[in-house]
Each structure stands twice: as C-alpha cells, then as structure tokens.
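Enquirer: Shown below is the structure under consideration.
Nothing in this text is a laboratory measurement; each read-out follows from the coordinates by a stated rule. None of these values were measured; they are calculated from a predicted model. Positions of Cβ are generated from backbone atoms using ideal geometry, with glycine treated the same way; all protein chains shown enter the neighbour counts.
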Amino acid sequence: MQLKHQPNLKTGYNKIIGPENNLNYIEEFGILSLKPGSVFEGSSQNTETALVVLRGSCGVEAGEKNFEKVGQRENLFEGNPATIYIPAGLDFDISGGPCQIAICKAKSSKRGEPVLISPEQVVIKDSGKDNWSREVRIMIGPETISQNLIIGETINPPGNWSGTPPHKHDNEELYYFYCSKPEGWGVERIYSEDRTTDELIKLKDNTVTIMPKEHYHQIVAGPGYTIYYLWFIAGKDNKLNALEDPKHNWIKGE
C-alpha cells in the first residue's frame, strides 16, 4: 500500500484517497478549494461525511438543512474549525468562499440529520508531556454522533513528538499535514510489528499519509517549525482503541 501522497492542490476539488486505495473503512479524502461564487455538489451515499472547514467560510445545504457562514478562521494554527457531519443517504452543496475544506468519507449505513459542530463545541486537550506534548482538538470524538469515523486536529510544536510512545489502532487512520512556514518539515515513522513495513516519511505542506490497521506510527516536527495535522480515523462503531508499542513504554515512567 502507498503510505504517502503528495498532491499538487488546485482550485476545485482535489480527491487524494478513494475507493481505488482499497481501504476497509476510509472511502474518500480530498481537499476542496472553493472560489467566491462557486458551488460544489457532493453526495454522502453509502458513506458518512465530515466537512472540516480548514480556512475561510462557506454555506452548506445537506438534506433539509441549510447552514450559513460555516467557518471563521484564516489560520490553521489559531482557532478551532467548524465541521459539518452528514450521515449516509444525503446529497450536499457547498457554496460561497473563498474557503478550503477537508472532505472525509467513511463507509456507513447510518441515516439521520446533518449536524454542525461549531468551533465552540470542539474539545481541546493538552496531550503528552515534555518534548512529546501537543494540543489536540476533537471535532467528532469516539462513540459520539458518527457510526464509523472520528475527526480531530493536532498542533505539534517545533521539535516535539506526537503519538508517543508509538501506537497503533484497530482502525484505519489518515493524516493531512501543513507547516507553519512553507519551508517547514517533519518526519513520520510508520511500521508494522514484524517490520515488513518500516518507513520514515518526510512531511511538508499538503502531505497525506495512511496508517493501515495495526501499524505503529509516530511524528516529529522539525526545529523551528510547528506542524498542523488533521486526523481522520475510521473503524467499526467509531471506537478508538490505541495500543502502544511495549518496547517503548518505559519512557512514560510506568
């Protein structure tokens, strides 16, 4: 499986991951860059969809609901996103702009009404300690409104690590990265228990990585550069089970 994708984003919808990637729960991931006055028509058939407004503001019509002026931040590193959750079986339109939106789709049969998760509703946590501390923002958490997806963001300070000790999930996971400066960078390690997969991936603006089920992963930001990443987790019953690599548990002092 190709673990890293480095798209050259253009105006309009940029599909980065799709059914051709043969994942069990993640159906699609892409970035929509919408110009003022434009309209994007989408569908949530046989999937549940999270629309994460990364920057700017837009209007969203989904089912019988109409959400206006969704989103307000201009900087990924400051402030929380607005997110629209759309259950399976609904079409949706995104209009307005300028804005940039992450479109995250997971396989699902759940029906229901669309939901707005406002910036004020985002759960913020300080995770880790020492040089593996970071800020975590959770828009759709485990065992909440979705059937199979969990969505959040992490702000990784310069020189700090995320996902420490290295951990793995029963779920599939996807990261979308952005750096505080255009020349910024970081590194992600992805490996399997038997080391048939063991890769170091350079991270820069718009890098997308996939962590298959049961693959350990860990991230570090280059000195002087803060890294943002959106995380999209999909698995049965939107539960989040993390298992740390026992070889590295000693660093927690337990």
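Enquirer: Once R0 is set to 25 Å, what does the formula 1/(1 + (r/R0)^6) return for the Cβ-Cβ distance between His5 and Phe77, expressed as a FRET efficiency to the nearest 0.05?
Expert: Once rounded, the FRET efficiency stands at 0.65.
Enquirer: A follow-up question, please. Taking only the alpha-carbon positions of region 150-202 and ignoring solvent, what does the Debye formula give for the base-10 log of I(q)/I(0) at q = 0.29 Å⁻¹?
Expert: The calculated log intensity ratios at q = 0.29 Å⁻¹ are -1.51.
Enquirer: Now, a different point. Can you list the HN-Hα couplings for region 82-90, worked out from phi with the Karplus curve (6.51, -1.76, 1.60; θ = phi - 60°), rounded to whole Hz and with x for Gly and Pro?
Expert: So the Karplus estimates, Gly and Pro as x, are 9, 9, 10, 9, 10, x, 5, x, 10 Hz.
Enquirer: Would you kindly derive the ³J(HN,Hα) couplings of region 165-171 from the backbone phi angles with the Karplus curve 6.51 cos²θ - 1.76 cosθ + 1.60 (θ = phi - 60°), listing them in order in whole Hz, with x for Gly and Pro?
Expert: In residue order, the calculated couplings are x, x, 9, 9, 10, 7, 9 Hz.
Enquirer: Continuing with this model, one more query. Scan around Ser43 for amide H atoms under 5 Å from its own, H built in the peptide plane at 1.01 Å from N, and keep only partners 5 or more places away or cross-chain.
Expert: Amide H neighbours of Ser43, under 5 Å, 5+ apart: Phe92.
Enquirer: Label points 7 Å out from Cα along the Cβ direction at Arg189 and Lys247: separation in nm?
Expert: Each label point lies 7 Å from its Cα, and together they span 0.8 nm.
Enquirer: Now for a separate question. Which FRET efficiency, nearest 0.05, do Asn14 and Asp170 yield, Cβ-Cβ r, R0 30 Å? Each step should come with its number before you reach the end.
Expert: Details: r = 29 Å, r/R0 = 0.97.
That pair, Asn14 with Asp170, gives E of 0.55.
Enquirer: Starting at the first residue of region 94-104, write each ³J(HN,Hα) from the Karplus equation 6.51 cos²θ - 1.76 cosθ + 1.60 with θ = phi - 60°, in whole Hz, x for Gly and Pro.
Expert: The phi angles translate into 10, 9, x, x, x, 7, 10, 10, 8, 10, 10 Hz.
Enquirer: Of the listed peptides 48-54, 199-205, what is their order by residue-averaged count of other C-beta atoms within 10 Å, with the highest listed first?
Expert: Most protected by this proxy first, the peptides run 48-54, 199-205.
Enquirer: List the relative contact order of region 4-252 as a percent without decimals, with contacts defined as Cα pairs under 8 Å and 6+ residues apart.
Expert: 19
Enquirer: Right, next: Give me the distance in nm between label points sitting 7 Å out from Cα along the Cα-to-Cβ direction at Glu113 and Leu200, one decimal.
Expert: So the label points at Glu113 and Leu200 sit 5.2 nm apart.
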